[in-house]
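Structure, as structure tokens:
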Number of protein chains: 2
Amino acid sequence: MPFNRELLKGSIALLLLRLLSERDMYGYEIIQEAARRSEDVFEFKEGTLYPALHQLHKRGYLRSEWRLGASGKQRKYYGLTAAGRKQAQRGERDWHLFTQTVNAILTRTKT
Amino acid sequence: MPFNRELLKGSIALLLLRLLSERDMYGYEIIQEAARRSEDVFEFKEGTLYPALHQLHKRGYLRSEWRLGASGKQRKYYGLTAAGRKQAQRGERDWHLFTQTVNAILTRTKT
DNA sequence: CCTTATACATCGTTATACGATGTATGGTCA
DNA sequence: TGACCATACATCGTATAACGATGTATAAGG
């Protein structure tokens with residue numbers, strides 16, 4: 001990642017919920033999709049992604065299902081539950097409040 | 001804090017550097033100033049702030065100095081070093097790249 | 001047949017935020 | 001004067017997150 005990775009903490013869950021709010025995806029697909037949409041700013045690693053998905057699933061925000069893809073390989077598709085949709089909305093609210101507040105401090109005229 | 005605290009990780013150092021780029025401050029003052037400017041969205045705890053300041057000092061981004069305040073109490077004032085100013089600029093660059101990229105993913109029209 | 005990309009998973013390390021706790025001082029007010 | 005509170009600094013232990021390393025397996029393609 002071309003920026004301080006610490007910034008990413010706490011945002012990964014939100015990004016996953018948001019991406020999956022559009023369509024069901026499997027893990028590897030999420031990695032590629034996030035990279036594509038961010039023009040390679042985001043490059044999630046498996047060691048980051050899979051545990052994050054498992055945790056969201058365990059908390060009831062995601063459902064998962066094995067499906068046979070067009071390639072003939074088994075893939076584990078994830079999608080949002082009702083609770084997941086609510087959590088995604090909460091997450092977006094938090095995100096906007098947080099970033100606006102940081103920006104309010106950052107944009108002060110330098111003395 | 002009225003939002004998912006995980007979001008804050010990685011941003012505290014940036015906020016401290018930015019606040020101290022305006023004027024020297026002591027720890028307790030930073031907590032109050034951050035709360036004031038953010039309208040109480042940010043409420044840093046001592047357990048968060050002091051270790052963060054120590055770390056930034058150890059990395060050479062801050063200088064520190066005991067001064068006798070108007071109240072007659074000893075206070076430890078912090079200010080930016082040249083390296084700290086550079087780091088603050090890097091941090092702001094990273095912050096903008098990061099938030100713009102997240103927003104690019106969040107603002108997609110929902111399907 | 002061998003390599004590469006795909007695809008899922010877990011473990012151990014590192015780092016962070018922070019609640020809890022401790023200590024000390026100065027101001028306020030009964 | 002004595003009690004209490006806000007101020008002010010500090011450290012320790014806990015919980016958690018990101019992720020590098022590593023392992024396994026399959027399909028595609030030269």
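Computed values, structure above
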quantity: Hits in the range A:31-85 (condition: within 11 Å of DNA strand C (Cβ to nearest atom) and within 13 Å of chain B (Cβ to nearest Cβ)); calculated: A:Glu33, A:Ala35, A:Ala52, A:Gln55
quantity: Scan of the range A:37-50 for residues that are closer than 21 Å to A:Trp95 by Cβ, out of contact with any Ser or Thr (no Cβ under 9 Å at 6 or more places or on another chain) and without any contact (Cβ under 8 Å) to a residue 40 or more places away in the chain, ordered by number; calculated: A:Phe44, A:Thr48, A:Leu49
quantity: Matching entry among B:Gly60, B:Gly72 (being surrounded by 12 or more Cβ atoms within 10 Å (Cβ to Cβ) and at positive phi); calculated: B:Gly60
quantity: Helices (runs of 4 or more DSSP H) contained entirely in the range B:21-111, each with at least 3 residues that are more than 23 Å from A:Glu6 (Cα to Cα); calculated: B:27-37
quantity: Members of the range B:6-30 that are of a type in the set (Lys, Arg) and near DNA strand C (Cβ under 9 Å from one of its atoms); calculated: B:Lys9
quantity: Hits in the range A:1-35 - residues which are more than 19 Å from A:Tyr78 (Cα to Cα) and surrounded by fewer than 17 Cβ atoms within 10 Å (Cβ to Cβ); calculated: A:Pro2, A:Arg5, A:Glu6, A:Lys9
quantity: Every pair of residues 6+ apart whose Cβ atoms lie under 9 Å, when the first sits in the range B:1-24 and is acidic (Asp, Glu) while the second is within 9 Å of DNA strand C (Cβ to nearest atom); calculated: B:Glu6/A:Lys9; B:Glu6/A:Gly10
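Here, each number is a calculation from the coordinates, and none is a lab measurement. Remember, it's a predicted structure, so these values are computed and weren't measured experimentally. All Cβ positions, glycine included, derive from the backbone under ideal geometry; neighbour counts span all protein chains shown.
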